[in-house]
Amino acid sequence: MPRRCHAGRVDGPEIIISFAPELHLFVAAARRAAEGAAVRTDGSSTLGHVVESLGVPLTEVGGLTLAAAPCDTGYVPVAGDRVHVSPVVRPQALPGPARFLLDVHLGTLARRLRLLGVDAAYERLDIGDAALAAQSAREQRVMLSRDRGLLHRRELWAGAYVYSHRPEEQLTDVLERFAPPLAPWTRCTACNGELRPATLDEVRPQLREGTERSYDTFARCTACGRAYWRGAHQDGLNDIVADALRLVGGSGEPGAGVRGSGQG
């Protein structure tokens, strides 16, 4: 028998709703039963609203089925409906280019995406959920966040929950979910600007002592002017790039940037 759980203090139709295991972290333990849980609705809210009220952001929902048939989030459930909520199918298709916006808590992930040439805007300051959602809509960027409340905002152009707190797992999660085109060494990891080849004279003021004698290939950010060259941490960066290319695919040939780049 389905477990009985109320979505709130409402006195409307009762439905049975079940969630795929991938979505269990969003819902209370009592609502994770495979056979579903009984939920009483208010009789006027859409199915999408009911799902969100139970804790699951619609950004994480890949499909709804009613009696084994596809169902829209705008459907208003009636008594006796049996609904199943499925996760997003990976890789997830986007309505536009794979461009991302990351909140204040995902700085390391932002830098690693930029290292791979992925367009990843990042807010170093907490500008608030409303401003982030508006920026996502204005710039048509996928909002990446571990803030479930932010992902409930209707203004978002698109969004995705980041399932891990570990940067290496976060990167794998995003790459597996969206499979964005990779162009390693072509973006500034500091500001997201594009890199172009630079001469020694152009970057000399930023070089550490002895660097100009050790390196002869440089790049510079077209937005902030930051200089890049092959640095001491090259091996670690190359490992990140190699792992990403194995996961998503691509040649990994450097563009305007510098393979294994560092900055003084």
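All of the numbers you see were taken from the coordinates with simple rules; none came from a lab. Treat the numbers as computed from the prediction; the structure is a model and nothing was measured. Heads up, the Cβs are rebuilt from the backbone with ideal geometry, glycines too, and the neighbour counts pull from every protein chain shown.
Connecting C-alpha atoms closer than 10 Å in a GNM of the chain, tell me which of T199, T189, T59 has the biggest fluctuation.
The residue that fluctuates most here is T199.
GNM, the chain, Cα, under 10 Å: largest mean-square fluctuation among Q140, Q170, Q92?
Top of the fluctuation ranking is Q92.
What order do you get for S44, S164, S53 when you list them from fewest to most C-beta neighbours inside 10 Å?
If I rank by nearby Cβ atoms, fewest first, I get S44, S164, S53.
Please tell me the relative contact order of the chain in percent, rounded to the nearest whole number, where contacts are Cα pairs under 8 Å and at least six residues apart. If you can, show how the numbers build up before the last one.
Details: 547 pairs, mean separation 38.2, N = 264.
That works out to 14 percent.
Have a look at S18, S45, S145 and tell me which one the Gaussian network model of the chain (Cα, springs below 10 Å) gives the largest fluctuation.
Taking springs between Cα atoms under 10 Å, the residue moving most is S45.
Just need the relative contact order of segment 90-179 here, percent rounded to a whole number, with Cα pairs under 8 Å and 6+ apart.
About 32 percent, as a whole number.
Any idea what diffusion coefficient the chain gets from Stokes-Einstein, in µm²/s, Kirkwood Rh on alpha carbon pairs, 25 °C, 0.890 mPa s?
Stokes-Einstein gives a translational diffusion coefficient of 119 µm²/s.
Provide, in order from the shortest bin, the percent of all Cα-Cα pairs of segment 90-179 in each 5 Å bin, continuing until the bin that contains the maximum pair distance.
Result returned by the calculation: 3, 15, 29, 29, 19, 6, 0.
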